[in-house]
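Before any comments, here is the structure.
The values are calculated or read from the model by the stated rules, or taken from the named source; none is laboratory data. What you are looking at is a predicted structure, and each value in this text was computed from that prediction instead of being measured. Every residue, glycine as well, gets a Cβ built from its backbone with ideal geometry; the counts of neighbours run over all protein chains shown. All accessible areas refer to the heavy atoms of the entire protein, side chains included, with ligands and DNA or RNA removed. Shrake-Rupley method; radii C 1.70, N 1.55, O 1.52, S 1.80 Å.
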Amino acid sequence: MTERPADQQRSAGVALTTLIPRLTAACGADAVLTDPMQLRTYECDGLTSHRCSPGLVVLPETAEQVAAIVRACVSAGVPFVARGSGTGLSGGALPRADGVLIVTAKMRRIIEIDPASRRAIVEPGVTNLAVSKAAQRYGLFYAPDPSSQQICSVGGNVAENSGGAHCLKHGFTVHHVTGLEIVTPQGELTWLGDGTGAAPGYDLVGAFTGSEGTLGIVTKIVVRLTPVPQAVTTLLAAFETMGHGGVAVSAIISAGILPAAIEMMDALAIEAAEAAVACRYPGGAGAVLIVELDGPEADVRSETAAVRAIAEQARAFEIREAADPAERAAIWTGRKSAFAAVGRISPAYIVQDGVVPRTALPEVLDRISALSAAAGIRVANVFHAGDGNLHPLVLFDDSSPGQSEAAEVLSGAILDECIAHGGSITGEHGVGVDKSRYMPRMFRPDDLDTMQLLRCAFDPAGLCNPGKVFPTPRMCGEVPGVRHGPHPLVAAGAAEAF
Ligand SMILES: Cc1cc2nc3c(=O)[nH]c(=O)nc-3n(C[C@H](O)[C@H](O)[C@H](O)COP(=O)(O)OP(=O)(O)OC[C@H]3O[C@@H](n4cnc5c(N)ncnc54)[C@H](O)[C@@H]3O)c2cc1C
């Protein structure tokens, strides 16, 4: 007989209640939160439009405790969700009312830093910036640098394959993780990768990185550390229009220069940053470009001169060069605070995250501005121009009837433009719960089914962060693929099915 919703709710409640003694025995009473007021603290991540109070919260301190929690959930058939610092912007850590939220905030040890092999082993709750701070005395740093690096956890970074301003040159999280200790969705503690980044066989570290908490829970991470560059230059170039700034970006890359970062902000984003942190960017700028160059001193010196010349040619009306770390920080302040800063000029906003080929940037920015004008909704643009990763900030008034919906529609239309120009619906913030509905716009059912095969191989019971990434959860027993006809590559004669 099929259970009715009220019965389902009751049986979920019963399952959770039976878990409490097991979780308390494994982690201690203090680690298990059941008070509704405390549970509400965890009802959302950085994407506050999706909220749900978790059934239970557990704060383990060791990998063995995480494994015990997962085993308890599996035996009771209860879903579980991992959470790091809760700064995710796609609802990846959104809890379930019938599930357990496993929060890694107490797993904050930097277990080892080995300067000889330039590796560190850290627990998942360690913040991104803490790794660089700890490595500093060896002349090393942890390169992936999301703007949230002061608070986001390395475990969350692994789950999201997070990037940051300097990923253009230094790479994303996946390029800096060489081994992972995980608790599988069955509750088994195991290692993926051998820590060298050169283990033979399937690249399971690569598959796990960016899997958004759906393939298991990370309990230790081996990260690669990078030598602090000998020299760094930070330039800020101001242009009258975004078009001129875009010309400079293309010219820098086609000159064969690979800056550590090329970031761009439009007039509205600059206005917001001024209002929030008084960053004192040049007045009247329609666009600012931040270009950071790092490496051996001689290279940085000649590249700085080349970038200056290119910016002047692209009609920059002011170029500033940071003379010391304080001036560098001042240049970055406006950019790093941009997301939160738009709160100063708008009651509500959506942080969108899409990617386009760098060459399509001017066209897509024009389309965004046309869509914004047509909808009567302002869009501020802040983005990693070097790798085409856009962050349009859709500004709206949530107290005005219909505006939230209109902003959502505009936000989706921007993603459609990204797809139409050969890009992607996410660059670094992940799919989570928010963008699962856009996955079919980018992938055919066959593609989604193939991804599900991987998920099912790790999590046949479907208890590990269910309802995320995929638009229509399919039971693992279902055979994917056959209903959709030949794969487009096969149909086009570009691949063979055998
Ligand atoms: C102001 C601001 C700026 C940001 N800037 C950037 C940026 O520049 N670049 C960027 O990439 N992102 C950025 N983000 C997004 C966010 O900070 C990153 O996605 C970050 O990696 C999330 O880490 P977290 O610890 O907060 O993870 P959470 O939000 O807690 O979780 C994120 C996902 O990871 C999973 N997860 C967490 N811990 C584990 C674990 N131990 N094992 C398995 N899965 C786990 C969760 O289930 C969830 O799916 C920004 C966010 C904010 C608020």
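Annotations
- Residue match in the stretch 177-189 (condition: in contact (Cβ under 8 Å) with a residue 60 or more places away in the chain, away from the ligand (no atom under 15 Å from the Cβ) and of a type in the set (Gly, Ala, Ser)): no
- Matching residues, the stretch 376-407, being among the aliphatic types (A, V, I, L, M) and either touching a residue at least 40 places away in the same chain (Cβ under 8 Å) or more than 20 Å from residue 252 (Cβ to Cβ) (or both): 377, 379, 380, 382, 385, 393, 394, 395, 406, 407
- Evaluation of residue 359 against (1) in contact with a strand residue (DSSP E or B) (Cβ under 8 Å, 6 or more places away or on another chain); (2) outside any loop (DSSP other than H, G, I, E, B); (3) not basic (Lys, Arg) (one fails), failing number: (1)
- Pick from the stretch 78-93, criterion hydrophobic (A, V, I, L, M, F, W, C) and more than 8 Å from the ligand (Cβ to nearest atom), ranking: nearest to residue 52 (Cα to Cα): 80
- Restricting 219, 214 to residues that are closer than 24 Å to residue 75 by Cα, within 13 Å of the ligand (Cβ to nearest atom) and either in a strand (DSSP E or B) or open to solvent by 50 Å² or more (accessible area, probe 1.4 Å) (or both) narrows the list to 219.
- Taking the numbered list (1) of a type outside the set (Gly, Ala, Ser); (2) more than 10 Å from the ligand (Cβ to nearest atom); (3) open to solvent by 50 Å² or more (accessible area, probe 1.4 Å); (4) touching a strand residue (DSSP E or B) at 6+ places or on another chain (Cβ under 7 Å) in turn, residue 151 passes all entries but (2).
- Sole exception among (1) among the small types (Gly, Ala, Ser); (2) open to solvent by less than 20 Å² (accessible area, probe 1.4 Å); (3) not in a strand (DSSP E or B) for residue 238, by number: (3)
- Of the criteria (1) open to solvent by less than 30 Å² (accessible area, probe 1.4 Å); (2) away from the ligand (no atom under 13 Å from the Cβ); (3) under 30 Å from residue 333 (Cα atoms); (4) touching a residue at least 60 places away in the same chain (Cβ under 8 Å), which one residue 228 fails: (1)
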